[in-house]
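*Asks:* Mind looking over this structure? Questions follow.
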Amino acid sequence: MSYKVSIYIPAFNAEKTIEYSIKSIQNQSLSFDEIVVIDDHSTDSTNEIVKNFSEIKLITNSENMGLGFNRNLAIKNCNNEIVAAIDADVVLDKFWLENILKTFEKNKITMSGGKMIEKNVDNKFNSWRSKYYTQNWGDKNILNPPFLYGCNTIQNKFIWNKINGYDDKMLTNGEDVDYSKKIKLHNNFELHYCSNAICHHLQDDNLESLSNRVWRYHSFGYKIKKPSFYRFIKLSLKQFKFLFQRILENLFKFNFYFIFISFKIFLKFISLEFKNYLSNKK
């Protein structure tokens with residue numbers, strides 16, 4: 001069975017990677033019918049880079065709207081019933097589309113996600129992220145995993161309409177978890193993890209960017225709420241528990257660099273969350 005497939009990329013300040021993402025779409029063994037890019041008010045040259053690809057439908061936000069909003073906007077502007085998505089710092093394996101489309105031959109599958117692998121694990125921060133914040137479910141296909149990571153997915157557009165889309169309030173992450181849970185509430189819909197639909201993550205982290213990433217995961221994982229002192233204490237304790245476990249785990253393995261990273265991330269997390277609390281208290 002053949003499908004016409006749209007693919008979209010939500011992008012914000014992705015000048016270092018988005019060209020590679022687009023070229024990996026163009027180099028697929030099966031062709032995409034349409035490419036849509038949502039530029040979420042980038043302040044770098046992301047917009048200019050995308051404009052070099054004349055076949056791309058580029059939509060530029062006049063202000064930063066966040067990830068949930070951008071996913072909805074992209075899907076609204078996709079002309080096909082099958083819609084794929086990748087992040088702007090991801091490159092697809094040549095056979096990604098060919099492999100992941102096979103899951104749509106199953107009757108109830110409404111959304112599938114592929115396997116993301118870190119491109120540069122020689123970077124210690126990438127290696128730490130890959131171990132503790134991996135964005136895949138392993139080497140075997142799974143029917144109805146807990147959720148699908150939003151960095152590389154494909155879905156039937158009708159399910160997006162059926163469950164009223166992504167949550168616009170989710171600005172930086174967590175929208176994929178929330179969306180997956182909404183799909184699984186319907187008995188007739190299923191998720192599928194396709195382990196041979198592979199993509200590679202290009203983003204190189206440093207201490208600052210990794211700390212910000214961990215903070216976003218833990219503080220913005222679900223609904224965005226006005227920070228309170230109770231929230232600050234609750235999230236700090238949660239993060240302390242998580243990172244203390246990582247410290248103990250690596251202490252017994254004599255992996256002192258991972259201990260150092262875990263400790264520094266915890267300190268940075270406390271600093272970021274406290275600044276967030278103070279800025280919203282005013």
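*Asks:* Can you list which of the trypsin sites (Lys or Arg not before Pro) found in the stretch 42-126 are DSSP loop residues with at most 14 other C-beta atoms within 10 Å?
*Replies:* Working: sites: Lys51, Lys57, Arg71, Lys76, Lys94, Lys102, Lys106, Lys108, Lys115, Lys119, Lys124; in loops: Lys94, Lys106, Lys108, Lys119.
Answer in residue order: Lys94, Lys106, Lys108.
*Asks:* With 10 angstrom as the radius, rank Ser21, Ser180 by how many other C-beta atoms surround their C-beta, starting from the fewest.
*Replies:* Numbers: Ser21 23, Ser180 20.
By the 10 Å Cβ count, ascending: Ser180, Ser21.
*Asks:* From the alpha carbon gyration tensor of the chain, can you work out the equivalent ellipsoid semi-axes (sqrt of 5 times each eigenvalue) and give them in Å, largest to smallest? Please report the intermediate quantities before stating the final value.
*Replies:* Details: eigenvalues 193, 91, 80 Å².
Those come to 31, 21, 20 Å.
*Asks:* A further question follows. Hey, rough spin-label estimate for Phe256 and Lys238, points 7 angstrom out along Cα→Cβ, what's it come to in nanometres?
*Replies:* The two pseudo-label positions are separated by 3.3 nm.
*Asks:* With +1 on each Lys and Arg Cβ and -1 on each Asp and Glu Cβ, and nothing else charged, work out how big the dipole of the stretch 5-201 is about its Cα centre, in Debye to the nearest 20. Before the final figure, lay out the partial values.
*Replies:* Numbers: 22 positive and 25 negative charges, 145 e Å.
For this selection, approximately 700 debye.
*Asks:* Full extension from Asn187 to Ile142: what is 0.36 nm times the residue separation minus their Cα-Cα distance, to one decimal in nm? It would help to have the intermediate numbers written out before the result.
*Replies:* On the way: separation 45, 0.36 × 45 = 16.20 nm, distance 1.71 nm.
Stretched out fully, the Asn187 to Ile142 stretch lengthens by 14.5 nm.
*Asks:* Just round it to a whole percent: the fraction of Cα-Cα distances in the stretch 59-182 exceeding 21 Å. Display every interim value, and only then the final one.
*Replies:* Numbers: 3245 of 7626 pairs.
For the stretch 59-182, the fraction of Cα-Cα distances above 21 Å is 43 percent.
*Asks:* Work from the charge dipole of the chain (Cβ charges, +1 for Lys and Arg, -1 for Asp and Glu, about the Cα centre) and give the residue of Asn64, Pro145, Gln26 farthest towards its positive end.
*Replies:* In the chain, that residue is Pro145.
Just so you know, all these numbers are worked out from the coordinates, no wet-lab data involved. None of these values were measured; they are calculated from a predicted model. Every residue, glycine as well, gets a Cβ built from its backbone with ideal geometry; the counts of neighbours run over all protein chains shown.
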